[in-house]
Each structure stands twice: as structure tokens, then as C-alpha cells.
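Contents: one structure, followed by commentary.
No value in this document is a laboratory result; all are computed from the given coordinates. Treat the numbers as computed from the prediction; the structure is a model and nothing was measured. Cβ: placed from backbone, ideal geometry, glycine included. Neighbour counts: every protein chain shown.
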Amino acid sequence: MEKFIEEFGSHTDEPTKVMLQNVYKHKVKFDSYKKKLIICTWCSLLCFLLMFFYINNFILEPYGSNADQMFAMIVSNLFLYVLIGALIFLGGLGSYLKKKKDKHEKEFQDLRKEIVQKSPIQWRYPFDWEKRNEVFAKMKEEKDINLYHENK
């Protein structure tokens, strides 16, 4: 269990700590896939711009007046095939990462909503209810997990 969750002490019972741990783990996975998707998107854009630059400077400008030579250069150029393959790979990887990110976001949001809905049961007594605010504030400040409301 994470150290910051164990610091909540006796006013938070073990099942609640496990729920907080699970929501934190899903948040970490969601953030990880989100970061990977952003990197993949930027790599795709960079690869596309590189391909555009290469075609423009090494095929269109030198062979732009002769369509036969230009077509022959496009077909015989191995570097273009590598760039097209990289774009196809990055597109597939981006699609995979998007699905995984959406899956982990849904699981994270569901767990977060479950904690919000069960908070009156988990912190029954007035003293515990005050400590609940401390737990929620710490989760919000340190881990950017909002447990005050069900909506994002």
C-alpha cells in the first residue's frame, strides 16, 4: 500500500484504504497511457512532416516537371516505404493506446464515483466525517484525484 494512504491513520478503515489505493493505481495507469498517447501523436505528426518534407525536397522539386521520373522515384524509394510503414504503425499504436486510455479512465472514474457514493457509509460519525475532508483534500492536493464530487 502507498505510504501516503497509510498515513491516513485509524480514522480510515482498511477497506477504504484499499479503495483509495485502487483508485490511485488506476489514476497512475490512466496518466501513463495518456502520456504515451500524446507521445505517439507527436511522433506521428513528426513522421508525417518528415515525409512531406522529403517528398517535397527530394522528389517534387528535382523531378516535378517529369511525371514518369517522379513516379519512378516514389516507387523505388525505400525511405518513403519506411516512413509510410512508421505512420501505419504509429496509427495502430495510437488506436491501441486510445482504447487502453479510455478503458483505464472509465475504471478510474467508476472507482472514484464509488468512493464518493459510499463516503457516508465509510465515515459514519461526525469526527470521522471531519477526517474524511482531510483525506479528500490530501488526495486532491497530492495526487490530483477529486473525491468531493461524482462529476469530473
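May I ask for the Rg/Rh ratio of the stretch 84-127, computed from Cα atoms with Rh as the Kirkwood radius, given to two decimals?
1.45
Please report the relative contact order for the chain, taking Cα pairs under 8 Å with a sequence separation of at least 6, and give it as a percent rounded to a whole number. Don't skip to the answer; put the middle values down first.
Numbers: 100 pairs, mean separation 51.9, N = 152.
Over the chain, the number comes to 34 percent.
Evaluate the Debye formula for the stretch 15-143 with equal point scatterers sitting on the alpha carbons, no solvent, and hand back log10 of I(q)/I(0) at q = 0.12, 0.22 Å⁻¹, in q order, two decimals.
-0.64, -1.17
Roughly how big is the stretch 22-152's charge dipole about its Cα centre, with Cβ charges of +1 (Lys, Arg) and -1 (Asp, Glu), in debye to the nearest 20? Spell out each step's value before the answer.
Details: 22 positive and 15 negative charges, 150 e Å.
Charge dipole, the stretch 22-152, about its Cα centre: 720 debye, nearest 20.
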